[in-house]
Every structure is written in C-alpha cells, then in structure tokens.
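So the structure is just underneath, and the comments pick up after that.
The values are calculated or read from the model by the stated rules, or taken from the named source; none is laboratory data. Source: prediction; values computed, not measured. Every residue, glycine among them, receives a Cβ derived from its backbone with ideal geometry; neighbour counts consider all protein chains shown. Keep in mind that these areas ignore ligands, DNA and RNA; they rest on the heavy atoms of the full protein, side chains included. Shrake-Rupley method; radii C 1.70, N 1.55, O 1.52, S 1.80 Å.
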Amino acid sequence: MKKGKAVVVGGSIAGLCSAHALLSAGWQVVVLEKTTAPPTGSPTGAGLGLDPLSRSIINSWLPQQQSSDLLNNHTLPLTIDQNQATDAESKITRMLTRDESFNFRAAYWSDLHGLLYTSLPPDIFLWGHLFLSFHVSDDKKSVEVQSKVLQTGDVVEIIGDLLVAADGCLSSIRQTFLPDLKLRYSGYCAWRGVLDLSEKSEIFAALQKVYPDLGKCLYFDLGSGTHSVFYELLNRRINWIWYINQPEPQRKGNSVTIKVSDNMINKMQVEAEKVWVPELVSLIKETKEPFLNVIYDCDPLEQIVWDRVVLVGDAAHPTTPHGLRSTNMSILDGAVLGQCLTKSGVENLATGLEEYQSIRVPVTSKQVLHSRRLGRIKQGLVLADGKVLIPKLVIQKNAQIFNRKICRGLVICLRFSVQ
C-alpha cells in the first residue's frame, strides 16, 4: 500500500496527537509550527484534566515499557468533583454536589505537551514556520502547503496527501471554507493562573485547611453570577480560573488571550476580595503573571472535511472550557482520525475522512452544547428555558430537598459532560 504523507498545521496538543495517530497508522508526517522552538515553559498555559479514555490513548503512543508510569508521573489524580457555593458577604461556603467517582488526572499544559513531543521523532517538526496558504490539486489527489520560515523569510512548499488543520479556535484554514463563520462570545472572560507553592508552605497549608481534598479534588466555587475553578497540579502547583461576566473585550491579533496591565490585575484582585474566601484571594494575589482569556465557542459544525483537508481539535469544535472537554476531544480526534485512515489507506482516503467526520461530528456537537449550557448555569446566566441558578437561594430555600434530589440531578448533569 502507498504510504501517505500528512502536513499538520499547529504544534499544540491537537497537532501532536494527530501526528502520533498518523504515524501509528503508517503515515509520513510533517508538523508546521510558528513558534521557533519547543516550549520549555508555558507563560499562558494552564491546567487540564485527562479522562480515562484519553489516558489510554496517550499511553498507546508512549514507549510501551514505561507508558503508564510516564503519564502518571506527569499528572495527579482527580478523584473528586465538588461544587460549592460561597456567600460573598459572610464568606461562608456550603457544598452543593460531590462526586467521589470522578476518574480524571490533572496535568499542566506544558508537561503534557513535553511528554507528547519528546515521544515523537524530532525530524518531523518544522519550528518557526508560519502557515501561509494551501492549494488542493485539480485532480483532488494532493495538497500543496506554503509556509514562511520566520528566521530567513523564505517561503517553502510542501506537497502531501492530507492537510490536518490543528490551528486552534481561530483557525485560518477553517476560515477558507467557512468565511462567514463567527465565534460566539460566551458572555464572560476567565482570569487564569498557575501558582507554584513548593516553597510557600504557609499558603499551601492555609488552602488545605479550607479545601481538605486538595491534591485529588476538582473544586468549583460558585458565587453570585460568577464561579471559580481550582485544583492541584504536580509539584504543588495550583491551577486556578475565575470566570467573570462582562461585555466582550476588544482583542488584538489572532489570540483569545488579552494582554493585561498592572492596573487590570490590581482591579481584579480587589474584586476577588469582595467575592471569595481569604485563602482563595491569597492564591490569586500571589500569582505574579495572571492572564485573561476571552471565552468563545461556536454552534457545532456540520462539516469538518473538505477534499484533502480535515479539521481537528479547537479548529473543528471551538468550545467553552466547562466539563474538561477541549483537550480530551482533541486527543480523541487524533486517535479516531488515525484509525479511520488505517482502515481506508491512501487509496480510499475520501472514505476514511468521511468516516472520521461521521463519527466525530455528532459526539463533539453534543459536548460543545453541553459545555455551553454548563457554563451558563455556573455563571448564573439565563438559560433557554428562562431559568437561572442562584446558589444562595437554592441553599436557603430547600436545603434538604436540594441535598436529596437536586444535588443528585446536578451530579448527573456534570457527569454527562465527561461522557
């Protein structure tokens, strides 16, 4: 059988997963990435959660003699998923739901990226290559990709059998086919940060007193029209996110991350004192370089394949981050794509791509819409049926009923987000 050649645009998690899967399927792979070198750290990277299926897929790509140990050594367990509500005035926190069968593991973005990258052949990467354009041949049998070498300014051309668009939620490749597609602003932004507490034992001890399951629990803290998320990463690093309802801010460039000023950070910290318990406020204040993400998704796409071009990851399904789905969907995209192309071969590539699309679109569409609904619930935004979740009122009015019935229903809702 002819050996196919794939050009992957984007060297983030989705691109790395696609490269792993295609190499396992017997394809040649070239990865184009505009950054000039593999990341040694991640100034705007954060934490993520890996579900059991994603972990199994990743382990299949790692050196077999040490695969499970490698992944476990880079992650921490998340066995508990807890939702709680904090009263801004009294700073009293009460539990809403608690799921003790939450089988995830927490990873730092750069740790997972490094693990996936170092287990790939280094010669398949073209670092410092800015994607410019592509052209599918008239006979639909090949695709030509142009990129610019940032160091020299030279333009290079690569011809392959397949173009894999792993260029994120603002994908320029997707825009070629869907020029009128607009991302949907969620109504809120997210302040994010990762704080290393390995040498700040006092802050870590204070957090443990208020959040005793730190190190194995994914904490959601709901306030009035807002919520925060935090959990521990490897080496006593704490990943935190604070979602704030606000008008859509102005972005510059092709990024959902906004450059923040000291004044913006100071205002955010002052507002945090009004909402959260002192221990969480201390965590936020100690983080030296918090960053601000504008949260988008888009209505599910009905098509993610065009001739010799396929979308994966956030390019295929921009989604809000609720339910820990974005990274897990990207991992599964790569794995399913690889399996479909293993079956079809290059000779029947169209059949393989059609199967990939038929498998992934229905699943990711449900996950995108569920993540959207989950975000609106936790942010206290009005749902399609006109309902709004106000945690304080729920606790005050129906504590017993909530604990016995509504709590069970919300746990089912939250569990669905990981299925």
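So here's what we get for this one:
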read-out: Residues of the stretch 304-328 satisfying the condition of being surrounded by fewer than 23 Cβ atoms within 10 Å (Cβ to Cβ) and closer than 15 Å to PRO362 by Cβ; value: VAL305
read-out: Complete set of residues in the stretch 329-342 that are closer than 13 Å to SER24 by Cβ and open to solvent by 10 Å² or more (accessible area, probe 1.4 Å); value: ALA335, VAL336, GLN339, THR342
read-out: So SER101, is it in contact with a Ser or Thr (Cβ under 8 Å, 6 or more places away or on another chain) and exposed (fewer than 13 other Cβ atoms within 10 Å of the Cβ); value: yes
read-out: Top-ranked residue in the stretch 252-284 [being surrounded by fewer than 18 Cβ atoms within 10 Å (Cβ to Cβ), in contact (Cβ under 8 Å) with a residue 12 or more places away in the chain and under 24 Å from the mean Cα position of the chain (by Cα); ranked as nearest to PRO321 (Cα to Cα)]; value: THR257
read-out: Some residue of the stretch 285-300 being open to solvent by 10 Å² or more (accessible area, probe 1.4 Å), part of a loop (DSSP other than H, G, I, E, B) and aliphatic (A, V, I, L, M); value: no
read-out: Search result, residues across the stretch 108-147 that are touching a His at 6+ places or on another chain (Cβ under 6 Å) and in contact (Cβ under 8 Å) with a residue 24 or more places away in the chain; value: ASP111, LEU115, SER147
read-out: Odd one out for GLN303 among (1) within 24 Å of the chain's Cα centre (by Cα); (2) farther than 17 Å from ARG192 by Cα; (3) at pLDDT below 95; value: (3)
read-out: Checking ASP167 against (1) out of contact with any helix residue (DSSP H, G or I) (no Cβ under 8 Å at 6 or more places or on another chain); (2) open to solvent by 20 Å² or more (accessible area, probe 1.4 Å), the condition it does not meet; value: (1)
read-out: Enumeration of residues in the stretch 321-371 that are part of a loop (DSSP other than H, G, I, E, B) and under 24 Å from TYR108 (Cα atoms); value: PRO321, HIS322, GLY323, LEU324, ARG325
